[in-house]
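J.: My questions will all concern the structure given below.
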Amino acid sequence: MLKVMDYLALDNLKLALADISVEELNGITNESKFLEKEILKQDDIIQIEELTAEAKGRHAAPPTALEKTLKVIFGTIVGMTIATTIVQDMYKLGANKACHKWGNNRPKVKSACKTLGYW
């Protein structure tokens, strides 16, 4: 169903095309075909650029020797820090248990544990 505005637009288009000669109409057709081809070329170029950008993002260059070395050093530092913290906590827990076990019967152990902060 065409609206009144569509009929008016079609009438205006008929009036505009009535004054155009066949050569001008052929020229307009040729220009529109040329523009359509250019638009398709640009669209293809844009699609190729987008695909290339996606491919570069997925296939990053392998890490260099410096990057590998830095990762190993960082991993070693983090690993040593975690291991040291765990060992210290285990030592404190063991010392605390030993102090409470032996400090009840031996006053010197109890005073040493209080001095060291395990009581």
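The values are calculated or read from the model by the stated rules, or taken from the named source; none is laboratory data. All of these numbers come straight from a predicted model, not from anything done at the bench. For neighbour counting, all protein chains shown are included, and Cβ atoms are generated from backbone atoms with ideal geometry for every residue, glycine included. Please note that ligands, DNA and RNA were not included when accessible areas were found on the heavy atoms of the full protein model with its side chains. Shrake-Rupley method; radii C 1.70, N 1.55, O 1.52, S 1.80 Å.
J.: Taking the highest mean first, how do the peptides 99-112, 65-78 order by number of other beta carbon atoms within 10 angstrom per residue?
T.: On the way: 99-112: 13.0, 65-78: 10.1.
Per-residue mean Cβ counts within 10 Å order the peptides as 99-112, 65-78.
J.: Please compute the per residue accessible area over the stretch 30-119 with all protein chains in place, 1.4 Å probe, rounded to a whole number of Å².
T.: Details: 8110 Å² over 90 residues.
Computed with neighbouring chains in place, this is 90 Å² per residue.
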